[in-house]
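To keep things clear, I will list the structure first and then write my remarks on it.
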Amino acid sequence: MNISDFYKNYLGITTPYRHQVRIWETIEKRKYPIFLRAPTGSGKTEAVIAPFLAQFIENKFSIAP
């Protein structure tokens, strides 16, 4: 499932912010630590939680087995 589809189908967000997509891609590549600085209400929580939720939905545990 691609990132935009996940945000649309499971979080009700039709177009994720750029930082949400970049965080997802960074987490998938396992590049840590990650520092995210974005304005209040811009979806920082969703940016970090979405990749982890996706692995439960897809039953593919590559990030945090």
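The values are calculated or read from the model by the stated rules, or taken from the named source; none is laboratory data. Just so it is clear, the structure is predicted and the values come from calculations on it, not from any experiment. Positions of Cβ are backbone-derived with ideal geometry, glycine not excepted, and every protein chain shown enters the neighbour counts. Please note that ligands, DNA and RNA were not included when accessible areas were found on the heavy atoms of the full protein model with its side chains. Shrake-Rupley method; radii C 1.70, N 1.55, O 1.52, S 1.80 Å.
Go through the residues of the stretch 32-42 one by one and say whether even a single one is part of a helix (DSSP H, G or I) and open to solvent by 70 Å² or more (accessible area, probe 1.4 Å).
Restricting attention to the stretch 32-42, the residues satisfying the condition of being part of a helix (DSSP H, G or I) are none.
No; the residues of the stretch 32-42 include none that is part of a helix (DSSP H, G or I) and open to solvent by 70 Å² or more (accessible area, probe 1.4 Å).
Select from the stretch 43-65 the residues that are farther than 16 Å from Met1 by Cβ and surrounded by 15 or more Cβ atoms within 10 Å (Cβ to Cβ) and list them in ascending order.
Residues of the stretch 43-65 that are farther than 16 Å from Met1 by Cβ, as a first pass: 43-45, 47-48, 64-65.
Gly43, Lys44, Ala47, Val48, listed by residue number.
Starting from the stretch 14-38, keep only residues that are within 13 Å of Phe52 (Cα to Cα), then list their pairs with residues that are of a type in the set (Val, Ile, Thr) and open to solvent by 100 Å² or more (accessible area, probe 1.4 Å) whose Cβ atoms are within a distance under 9 Å, requiring at least 6 positions of separation or different chains.
none
With the requirement that a residue be under 21 Å from Phe61 (Cα atoms) and open to solvent by 80 Å² or more (accessible area, probe 1.4 Å), what does the stretch 9-24 give you? Walk me through how you get there before you give the answer.
Keep residues of the stretch 9-24 that are under 21 Å from Phe61 (Cα atoms), which gives 9-11, 20-24.
Result: Asn9, Tyr10, Arg22.
If you scan the stretch 7-31, which residues turn out to be under 11 Å from the mean Cα position of the chain (by Cα) and part of a loop (DSSP other than H, G, I, E, B)?
Pro16, Tyr17
Show the residue pairs that are 6+ apart or on different chains and have beta-carbon atoms under 6 Å apart, the first residue being within the stretch 40-64 and at positive phi, the second being part of a helix (DSSP H, G or I) and modelled with pLDDT of 90 or more.
What qualifies is Gly43/Gln20.
Can you confirm whether Ala50 is modelled with pLDDT of 90 or more and among the aliphatic types (A, V, I, L, M)? Break it down into steps so the answer makes sense when it comes.
Working: modelled with pLDDT of 90 or more: yes; among the aliphatic types (A, V, I, L, M): yes.
It is true that Ala50 is modelled with pLDDT of 90 or more and among the aliphatic types (A, V, I, L, M).
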